[in-house]
Amino acid sequence: MSKRTTLLISCILSVLYAFAQGPGGVFGAELWHMATAHETDTTYAWSDYSGDYSSFRSISGNQLIVQPQSWMQSFNFHPALHFDSISGITLLGHANLARTTVIGVFAPDELFSQQSLHKEIFHSVGRAGEDMRMTTDSVLDESSQNLHHTYHTANYSSFNELALRTITYERSNTPYHSVWGVPSTSSFLFNENDRTFTGYSPEFIVYGRMLSQLERRKVETYLAMKYGISLWGSYITPDDILIWDNTNQTYHHRVTAVAKYTDSSLSQLLSTTSYEEDPRFAFLPANDSFYKHSS
């Protein structure tokens, strides 16, 4: 009887794994926010695809943050929330952020370009002493890379350009143990104060561990193919195949892709670029992939 039970459990787990999804084929995300239509196609919200159903809510009223279509910006035919007047928080129930990898997609807006560059993108609160603040200038400070905090900007050297880019934050602190246990809850806050980042974000992913270099590249490739972003490095598919080698720099400009990976929630059958290099750079919202935000 025990063998039959074990076999049945294995079959169920196999079926569940077959339907599991992970950005770039990298499973186990603690948070996977993606801008999607909410109830109707005229309003949008950040939905969680990690399986925990974490919601992006207002800091004060704890209400689900929903935005009208007129506020949206479309990148490669995918909507993005606009961070300006809203303040929001997302709670994580299974990560204390002692070790974490955060990969997000961000694009400054025209209001941001008129202000100082020192702006906070997000603020996270984990276990005691594990708070972290991601700011635009810390992202661009290449000399700040070390074993505890590494910042990675893909193909961009400045937030002055109103273009979409991926940002990866990695953190690994020494774990500690207590007989009373360690709280595993944490949170991410956006637009918490008056030095906040203003712009767009279509997707935001958090892992409660350090990703390997290959895993990180697979997630960044997924985001690049989905939103029409040209990465610095090569492109690796969820099944570990090199599909674009950046060693040929002659053609490594405005890279776009058509791809379909069900386990990554990616179905990009029509593609354009969200980044146009100088001197033909198209400022937002002129390079919206929908005409005047309307499909």
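I need the full set of residues from segment 189-208 which are in a strand (DSSP E or B) and charged (D, E, K, R), in order please.
Step one: of segment 189-208, the residues in a strand (DSSP E or B) are 189-190, 196, 199-201, 203-207.
Answer for segment 189-208, where residues must be in a strand (DSSP E or B) and charged (D, E, K, R): just 203.
Out of 86, 9, I need the residue that is more than 30 Å from residue 99 (Cα to Cα) and either modelled with pLDDT under 80 or in a helix (DSSP H, G or I) (or both). Which one? Don't jump to the end; show me each part of the working.
Values: 86 fails: more than 30 Å from residue 99 (Cα to Cα).
The unique qualifying residue is 9.
Hey, among 223, 162, 211, which residue is touching a strand residue (DSSP E or B) at 6+ places or on another chain (Cβ under 7 Å), at pLDDT 75 or above and not in a helix (DSSP H, G or I)?
Working: 223 fails: not in a helix (DSSP H, G or I); 162 fails: at pLDDT 75 or above.
Criteria check complete, one pass: 211.
Considering only residues of segment 50-64 that are surrounded by 21 or more Cβ atoms within 10 Å (Cβ to Cβ) and in contact with a Phe, Trp or Tyr (Cβ under 8 Å, 6 or more places away or on another chain), which is modelled with the lowest pLDDT? Spell out the reasoning first.
First pass over segment 50-64, keeping only residues surrounded by 21 or more Cβ atoms within 10 Å (Cβ to Cβ): 50, 54, 56.
From what is left, the residues that are in contact with a Phe, Trp or Tyr (Cβ under 8 Å, 6 or more places away or on another chain) are 50, 56.
On the way: 50: 90, 56: 93.
For segment 50-64, the residue satisfying everything is 50.
Select from segment 32-65 the residues that are part of a strand (DSSP E or B), farther than 18 Å from residue 227 by Cβ and either β-branched (Val, Ile, Thr) or under 14 Å from the mean Cα position of the chain (by Cα) (or both) and list them in ascending order.
40, 42, 43, 48
Residues being under 22 Å from the mean Cα position of the chain (by Cα), outside any loop (DSSP other than H, G, I, E, B) and surrounded by fewer than 18 Cβ atoms within 10 Å (Cβ to Cβ): count how many of those fall in segment 243-260.
2
Which of (1) in contact with a helix residue (DSSP H, G or I) (Cβ under 6 Å, 6 or more places away or on another chain); (2) hydrophobic (A, V, I, L, M, F, W, C); (3) modelled with pLDDT under 60 does residue 140 not meet, given it meets every other one?
Of everything listed in (1) in contact with a helix residue (DSSP H, G or I) (Cβ under 6 Å, 6 or more places away or on another chain); (2) hydrophobic (A, V, I, L, M, F, W, C); (3) modelled with pLDDT under 60, residue 140 misses just condition (1).
The rows are residues; the columns are (1) touching a Ser or Thr at 6+ places or on another chain (Cβ under 9 Å); (2) free of Cβ contacts under 8 Å to residues at least 60 places away in the same chain; (3) closer than 18 Å to residue 98 by Cβ.
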| residue | (1), (2), (3) |
| --- | --- |
| 200 | no, no, no |
| 220 | yes, no, no |
| 227 | yes, no, no |
| 234 | yes, yes, no |
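Residue 275: more than 13 Å from residue 77 (Cα to Cα), of a type outside the set (S, T, N, Q) and modelled with pLDDT under 90, yes or no? I'd like the intermediate steps shown before the answer.
On the way: more than 13 Å from residue 77 (Cα to Cα): yes; of a type outside the set (S, T, N, Q): yes; modelled with pLDDT under 90: yes.
Yes.
For segment 66-83, enumerate the residues that are in a strand (DSSP E or B) and among the polar types (S, T, N, Q). Don't jump to the end; show me each part of the working.
Here is the first cut: in segment 66-83, the ones in a strand (DSSP E or B) are 67-68, 73-75, 78-83.
67, 73, 74 - these are the residues of segment 66-83 that are in a strand (DSSP E or B) and among the polar types (S, T, N, Q).
The values are calculated or read from the model by the stated rules, or taken from the named source; none is laboratory data. Model, not experiment: these values are computed from the prediction. Heads up, the Cβs are rebuilt from the backbone with ideal geometry, glycines too, and the neighbour counts pull from every protein chain shown.
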